[in-house]
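Peer 1: Below you will find the structure I want to go over with you.
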Amino acid sequence: MMKRAAVEEAVGSGGGILRLAPCWVPRSFMIPGRRLKLHPDDLYAFGGHRGGINERWFSSTTKASNGPDTLPDEGLSYVKTASGESFLLKDAVEVAGDALLGEEVMSREGGWSLLCKFFDNMGPIPHHMHQTDEFAKRVGHKGKPEAYYFPPQYNQIQNNFPHTYMGLEPGTTKAEIRACLERWNQGDNGILKYARAYRLVPGEGWQINPGILHAPGSLVTYEPQVNSDVFAMFQSEVEGRIVDWSLLTKDVPPEHNKDLDYLVSMLDWEANVNPEFAMSNKTFPKAVRSEDEMKDAGYREVWVTYGTPYYSAKELTVLPQQKVTIKDAAAYGVIVTQGHGAIGKTTISTPSMIRFGEMTEDEVFVTASAAGQGVVIENRSTTDPLVLLKHFGPGNPDAASLVKH
């Protein structure tokens, strides 16, 4: 059993920063995009029957919901200490959450209420939605809003379909979507006939609330979201691959598995047919403070995910041979997308190739105390910027002014 003293020792020795091991997740219904730096020989490390690895989860305390063959620790991040020991971040939060997240967050949230990932696909995902709290609670889960940001460092190649279908064309009726579900076993059920596609642009993003249909395209996507793995696929065939009915009803009460009216009712209809969908949901980077002020200090930091109380994220760029101290009002996870240097006294670097099961230096977790005191981040390169993505859980005070009401 995890002991609080072990967590406190790891936090103390790391100066409030914990190093995390890569957490890989396969998906049986997708083809990997091969841009997550995982060695090509390891793409099917879980076995061919599980599908290829197309996701990497960050600072995760959420177990993957991947069917009966899901491993006990699948989707869960491990902390690796300087002494070579390891333990689950989930266990650490359970026994010493106040030391990691702060007393106020533990009292309010009861844990690290965030799941963040990269997903990387060769082509599009089936048109699907994530349930609201109302529907997710009926199967013992939380609803899931999520956000997208497309990091340029991972999107030099955009693969087969750099577009995403989102929502439904204005004027679409519930009867038309119900008819698509009736055609499920006829191959392509035709739901994309009622959807609108948007070109995906590296360096930009989207906010997708629960109940909204979406079919993410083939850009590598950084995705902060509520720590839930609920979903319902509404498209019966994608790129010639049949989507099983069970992926539509995975998070539906058994008595409603064939209830087409219930399935359609899970959709947030007004949000789906919103004629100004892009205006309502698209996001662009917002500078954290004055551009001139940041440039003079040797860095640039922008919000890349914002507008919701459930999570937020920043992209921090430290210029070559610069050292900066950055304060944040909440704990956060980090994935390094470019360069090398140090965060506190922990070395960080971006790998060019990763073997399954091996450690990297590109992911850490920063405790609330360390974040509040200010973290020293140093770029040790003479030429390359050091770029970090920073993901925060719900209620980040720094992001409160950006929340849409």
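The values are calculated or read from the model by the stated rules, or taken from the named source; none is laboratory data. Predicted, not measured: the structure shown is a model, and the values here were computed from it. Heads up, the Cβs are rebuilt from the backbone with ideal geometry, glycines too, and the neighbour counts pull from every protein chain shown. In case anyone asks, the SASA skips ligands and DNA or RNA and just uses the protein heavy atoms, side chains included. Shrake-Rupley method; radii C 1.70, N 1.55, O 1.52, S 1.80 Å.
Peer 1: Could you grab me the full set of residues in the stretch 3-47 that are surrounded by 15 or more Cβ atoms within 10 Å (Cβ to Cβ), at pLDDT below 95 and assigned to a loop (DSSP other than H, G, I, E, B)?
Peer 2: SER28, PHE29, MET30, ILE31 - these are the residues of the stretch 3-47 that are surrounded by 15 or more Cβ atoms within 10 Å (Cβ to Cβ), at pLDDT below 95 and assigned to a loop (DSSP other than H, G, I, E, B).
Peer 1: Working only within the stretch 57-101, note down all residues that are free of Cβ contacts under 8 Å to residues at least 60 places away in the same chain, over 30 Å from LYS250 (Cβ atoms) and part of a helix (DSSP H, G or I).
Peer 2: Once the filter is applied, which keeps residues that are free of Cβ contacts under 8 Å to residues at least 60 places away in the same chain, over 30 Å from LYS250 (Cβ atoms) and part of a helix (DSSP H, G or I), the stretch 57-101 yields only ASP98.
Peer 1: List the strands (runs of 3 or more DSSP E) inside the stretch 102-185, counting only whole elements, that have at least 2 residues being more than 16 Å from the chain's Cα centre (by Cα), buried (at least 17 other Cβ atoms within 10 Å of the Cβ) and of a type outside the set (A, V, I, L, M). Step through it out loud before you land on a result.
Peer 2: Details: elements: 115-119, 146-149, 163-166.
Those strands (runs of 3 or more DSSP E) span 163-166.
Peer 1: Here's something else I'd like to know. Give, as residue ranges, the helices (runs of 4 or more DSSP H) completely inside the stretch 213-302 that count at least 2 residues that are free of Cβ contacts under 8 Å to residues at least 40 places away in the same chain. Give the derivation first.
Peer 2: Numbers: elements: 246-249, 260-265, 269-272, 277-281, 291-297.
By residue number, 246-249, 260-265, 277-281, 291-297.
Peer 1: Looking at (1) closer than 22 Å to THR308 by Cβ; (2) assigned to a strand (DSSP E or B), find the lone condition where GLY203 falls short.
Peer 2: Every listed condition holds for GLY203 apart from (2).
Peer 1: Check off (1) open to solvent by less than 50 Å² (accessible area, probe 1.4 Å); (2) over 26 Å from LYS37 (Cβ atoms); (3) of a type in the set (Ser, Thr, Tyr); (4) in a strand (DSSP E or B) for THR317 and give me the number that stays unchecked.
Peer 2: With respect to (1) open to solvent by less than 50 Å² (accessible area, probe 1.4 Å); (2) over 26 Å from LYS37 (Cβ atoms); (3) of a type in the set (Ser, Thr, Tyr); (4) in a strand (DSSP E or B), THR317 is out only on (2).
Peer 1: If you take the residues in the stretch 72-93 that are hydrophobic (A, V, I, L, M, F, W, C) and over 20 Å from the mean Cα position of the chain (by Cα), which one is most open to solvent (accessible area, probe 1.4 Å)? Walk me through how you get there before you give the answer.
Peer 2: Going through the stretch 72-93, the residues hydrophobic (A, V, I, L, M, F, W, C) turn out to be 76, 79, 82, 87-89, 92-93.
Applying the additional criterion that residues be over 20 Å from the mean Cα position of the chain (by Cα) yields 82, 87, 92.
Working: ALA82: 108, PHE87: 22, ALA92: 0 Å².
If we take residues in the stretch 72-93 being hydrophobic (A, V, I, L, M, F, W, C) and over 20 Å from the mean Cα position of the chain (by Cα), then ALA82 is most open to solvent (accessible area, probe 1.4 Å).
Peer 1: Just to verify a result, which residue in the stretch 320-340, among those that are in contact with a Lys or Arg (Cβ under 8 Å, 6 or more places away or on another chain) and either assigned to a loop (DSSP other than H, G, I, E, B) or at positive phi (or both), is most open to solvent (accessible area, probe 1.4 Å)?
Peer 2: Among those that are in contact with a Lys or Arg (Cβ under 8 Å, 6 or more places away or on another chain) and either assigned to a loop (DSSP other than H, G, I, E, B) or at positive phi (or both), it is GLN321.
Peer 1: Would it be correct to say that THR249 is open to solvent by 70 Å² or more (accessible area, probe 1.4 Å), over 21 Å from the mean Cα position of the chain (by Cα), polar (S, T, N, Q) and within 28 Å of LYS117 (Cα to Cα)? Can you show your working first?
Peer 2: On the way: open to solvent by 70 Å² or more (accessible area, probe 1.4 Å): no; over 21 Å from the mean Cα position of the chain (by Cα): yes; polar (S, T, N, Q): yes; within 28 Å of LYS117 (Cα to Cα): yes.
In short, no.
Peer 1: Working carefully through the options SER349, SER369, find the one that is in contact with a His (Cβ under 7 Å, 6 or more places away or on another chain) and more than 16 Å from LEU114 (Cα to Cα). Full working, then the answer.
Peer 2: Details: SER369 fails: in contact with a His (Cβ under 7 Å, 6 or more places away or on another chain).
Going through SER349, SER369 in turn, the sole match is SER349.
Peer 1: Could you grab the pairs with beta carbons closer than 6 Å, sequence gap of 6+ or different chains, first residue in the stretch 16-38 and closer than 14 Å to LEU219 by Cα and hydrophobic (A, V, I, L, M, F, W, C), second one open to solvent by 10 Å² or more (accessible area, probe 1.4 Å) and assigned to a loop (DSSP other than H, G, I, E, B)?
Peer 2: Between residues of the stretch 16-38 that are closer than 14 Å to LEU219 by Cα and hydrophobic (A, V, I, L, M, F, W, C) and residues that are open to solvent by 10 Å² or more (accessible area, probe 1.4 Å) and assigned to a loop (DSSP other than H, G, I, E, B), the close pairs are ILE31/MET122.
Peer 1: If I go through the stretch 191-200 residue by residue, how many of them are surrounded by 16 or more Cβ atoms within 10 Å (Cβ to Cβ) and either touching a His at 6+ places or on another chain (Cβ under 6 Å) or assigned to a loop (DSSP other than H, G, I, E, B) (or both)?
Peer 2: Matching residues across the stretch 191-200 total 3.
Peer 1: Another question, then. Just checking, how many residues over the stretch 341-369 are open to solvent by 10 Å² or more (accessible area, probe 1.4 Å) and among the aliphatic types (A, V, I, L, M)?
Peer 2: Here the count works out to 3.
Peer 1: Quick check on my filter: what residues within the stretch 370-394 are assigned to a loop (DSSP other than H, G, I, E, B), of a type in the set (Gly, Ala, Ser) and surrounded by fewer than 19 Cβ atoms within 10 Å (Cβ to Cβ)?
Peer 2: Step one: list which residues in the stretch 370-394 are assigned to a loop (DSSP other than H, G, I, E, B), which gives 374, 380-385, 393-394.
Still in the list and also of a type in the set (Gly, Ala, Ser): 374, 381, 393.
Scanning the stretch 370-394 gives GLY374, SER381.
Peer 1: Would you check if there is a residue in the stretch 183-191 being in contact with a helix residue (DSSP H, G or I) (Cβ under 7 Å, 6 or more places away or on another chain), in contact (Cβ under 8 Å) with a residue 60 or more places away in the chain, over 24 Å from LYS63 (Cα atoms) and not basic (Lys, Arg)? Before the answer, list the steps.
Peer 2: Initial filter on the stretch 183-191 (in contact with a helix residue (DSSP H, G or I) (Cβ under 7 Å, 6 or more places away or on another chain)): 189-191.
From the residues that got through so far, the ones that are in contact (Cβ under 8 Å) with a residue 60 or more places away in the chain too are 191.
Cutting the leftovers down to over 24 Å from LYS63 (Cα atoms) gives us 191.
Those left that are additionally not basic (Lys, Arg): 191.
Yes - at least one qualifying residue is present in the stretch 183-191.
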